[in-house]
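What follows is calculated from the coordinates using simple rules that are stated; it is not laboratory data. Only a predicted model underlies this, so the values are computations on that prediction, with no experimental measurement involved. For neighbour counting, all protein chains shown are included, and Cβ atoms are generated from backbone atoms with ideal geometry for every residue, glycine included.
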Amino acid sequence: MSFAKVYSAQTVLLNAQIIDIEIDILRGLNSFSIVGLPDKAVEESRDRVSAAIKNSGFKSPKQKNQKIIVSLAPADIKKEGPSFDLAIALAYLLAYRDPDTKERALVFDPSKKIFLGELSLDGSLRSITGVLTLAREAKKRGFLEIFVPKANAREAALIEGIKVFGAKNLKEVVAHLNERHPFVYTPSPRTLLEKIHTNNESAVEFDDIKGNSTAKRGLLIAAAGGHNIALYGPPGTGKTMLARAFTSILPPLSFEDALEVSGIHSIAGTLASPLLTHPPFRSPHHTSSYVAIVGGGVYPKPGEVTLAHKGVLFLDEFPEFDRRVIETLRQPLEDSFVSISRAKGSAEFPADFILIASMNPCPCGNKGSKKECICSPMQIERYKRKLSGPIIDRIDMWIEVAKVEYKDLTEKTTRRGEGEIFRKKIAHVRDIQQKRFASHERISLNSQMNARDLLEILELSKEVKDILNTSAERLSLSARAYHRIIKLAQTIADIEDAPHIEPEHVLEALQYRLKENW
């Protein structure tokens with residue numbers, strides 16, 4: 001009887017794929033089939049689309065003797081999720097001709113339009129995930145208009161150069177598109193970054209933390225240069241509190257980073273606002289599986305290391321995580337991405353984050369405190385051996401968090417504004433690094449330099465080299481630890497506004513290596 005073609009899209013891993021929705025209507029016994037590797041949610045769209053069309057004022061496809069074939073192309077890509085509902089419904093209305101008048105139910109040019117959304121049985125549109133990534137791909141592929149559910153319009157409107165129409169239901173979209181009875185639907189206004197205020201009011205500020213000046217200094221260095229840090233000490237000394245306060249001193253994301261991070265969270269379904277303007281903070285429980293942390297599954301999905309991209313991954317009670325989970329952090333901590341290979345596909349996910357790990361000195365936590373430690377030497381050794389040498393090497397700073405005196409806990413904070421001082425200092429240090437790495441696109445922080453960059457970018461005096469080499473020999477440092485000390489010393493030099501690394505900067509960096517008696 002008739003044929004029509006419209007466009008939709010879906011996410012594949014963390015990318016977007018434009019999908020052609022082709023529909024062919026033939027005379028014959030009633031049937032409605034969808035081809036092109038659809039999953040269960042896509043196959044069930046037949047019933048959702050039929051009911052939505054009927055409840056929007058048109059005859060249901062199931063009320064006619066006709067054979068309907070919907071093809072989702074490319075056919076070799078698995079189609080997942082309900083985001084094709086709106087496109088399938090519009091393709092049907094565009095293809096269907098009235099048997100008496102031979103007129104189409106809907107007339108419009110679909111060539112530069114793309115349609116996304118899940119249909120309810122009454123024809124209303126439900127929100128979907130991944131809209132930000134899909135809108136970016138649509139703009140890149142030359143589409144001029146994108147139709148999305150009203151709930152996703154503000155998110156899609158972040159992309160400049162494409163008209164975004166946020167619709168409440170199918171009837172509204174049809175009324176706007178139908179060239180016979182045009183209904184002018186105003187595009188959603190573009191969402192501007194400066195109009196978005198992500199709630200970054202941390203429950204804990206550095207001003208609220210008593211004592212722990214060494215730990216605060218370590219966190220300042222970690223935030224300034226993007227270094228990984230571990231906090232260890234008895235329970236109740238403020239390790240978790242310090243980690244949560246860390247997010248309050250991080251600078252906001254750039255617009256490009258915000259779009260990238262928001263796209264990841266949109267696909268994962270964890271996007272609470274149209275745009276994440278501040279680095280994400282992820283804190284998985286220590287019972288989390290390695291798939292939940294690093295990603296994976298039959299069809300690879302991103303894990304916590306990817307959701308923490310451009311932000312912070314906080315692993316509380318670090319040795320309590322399964323050893324397999326801890327070892328999976330080797331690649332993301334070294335390369336800032338994670339590669340996952342499975343029988344049904346492989347994927348590479350970004351994982352550029354700052355790791356904050358916290359732990360006790362022993363399983364009971366009382367070793368080195370006034371309380372009696374009830375752990376046997378074997379238990380303590382087993383506890384420490386959960387952390388392998390390669391993982392220890394990849395953590396730049398190991399800082400002991402001492403117990404705060406009781407009398408200090410009830411004292412009012414005398415030094416207010418400490419958090420603001422830290423924020424200004426970190427912003428200043430990152431400006432220094434931005435100028436240093438202006439000609440290096442892949443580097444923005446000291447921690448991202450590799451061995452070649454250290455030789456090409458940094459100038460080390462003979463005195464500094466002598467201290468490094470002597471210390472490395474005495475401490476039996478690996479080549480990785482040796483390079484990380486140089487990067488850490490450079491961040492300390494930047495904090496002190498020193499033009500080059502001085503011996504005292506190297507000595508401070510060496511103090512942050514893990515002690516044997518921790």
Kirkwood Rh, Cα atoms: Rg over Rh of the stretch 206-511: 0.96
Debye equation applied to the C-alpha atoms of the stretch 361-518, log10 I(q)/I(0) at 0.20 Å⁻¹: -1.25
Inter-label distance for L454 and M378, nm, one decimal - labels placed 7 Å from Cα along Cα-to-Cβ: 4.0 nm
MRE, 222 nm, helices only [DSSP H, n ≥ 4, -39500 (n - 2.57), over the chain, to nearest 500]: -10000 deg cm²/dmol
Rounded to whole Å, sorted largest first: equivalent-ellipsoid semi-axes of the chain, Cα gyration tensor: 55, 23, 21
Residue-wise HN-Hα coupling along the stretch 214-220, computed from phi with Karplus coefficients 6.51, -1.76, 1.60 (Hz; x: Gly, Pro): 5, 5, 5, 4, x, 5, 4
Nearby lysines by direct alpha-carbon distance to K371 (threshold 21 angstrom, same-chain neighbours under 8 apart not counted): K239, K384, K403, K407
Packing-based exposure ordering (other Cβ within 10 Å, fewest first) of S2, S439, S461: S439, S461, S2
Point-charge dipole on Cβ atoms (K/R +1, D/E -1) for the chain, about Cα centre, debye to 20: 1280 debye
For the stretch 46-123, alpha-carbon Rg and Dmax in angstrom: 13.0, 39
Under Karplus coefficients 6.51, -1.76 and 1.60, residue-wise ³J(HN,Hα) of the stretch 259-270 in Hz, glycine/proline x: 5, 5, 5, 5, x, 4, 6, 5, 5, 6, x, 10
Residue among A87, Q10, A51 farthest towards the positive dipole end of the stretch 1-117, charges placed on Cβ: A51
Distant-in-sequence amide H partners of F337 (H built 1.01 Å from N, under 5 Å): A351
With Cα atoms, 0 to 90° folded angle of helix 418-436 axis to the chain main axis: 80 degrees
Integer Hz, Karplus 6.51/-1.76/1.60 couplings in order for the stretch 23-40, x for Gly and Pro: 9, 10, 10, 10, 6, x, 5, 5, 7, 9, 10, 10, 10, x, 6, x, 8, 4
Net charge of neighbours whose Cβ lies under 10 Å from the Cβ of N228, counting Lys and Arg as +1 and Asp and Glu as -1: +1
Centre separation in Å (Cα based) which lies between the stretch 148-190 and the stretch 433-449: 41 Å
Average projected area [Cα convex hull, the stretch 2-191], square nanometres: 9.8 nm²
Under 5 Å, built H, 5+ apart or other chain: amide partners of F281: V312
From the C-alpha gyration tensor of the stretch 1-111, square roots of 5λ in Å: 24, 14, 13
Environment charge at A73 (Cβ cut-off 12 Å; Lys +1, Arg +1, Asp -1, Glu -1): -1
Loop-located trypsin sites (Lys or Arg not before Pro) in the stretch 106-168, at most 15 other Cβ atoms within 10 Å (DSSP): K112, R141, K168
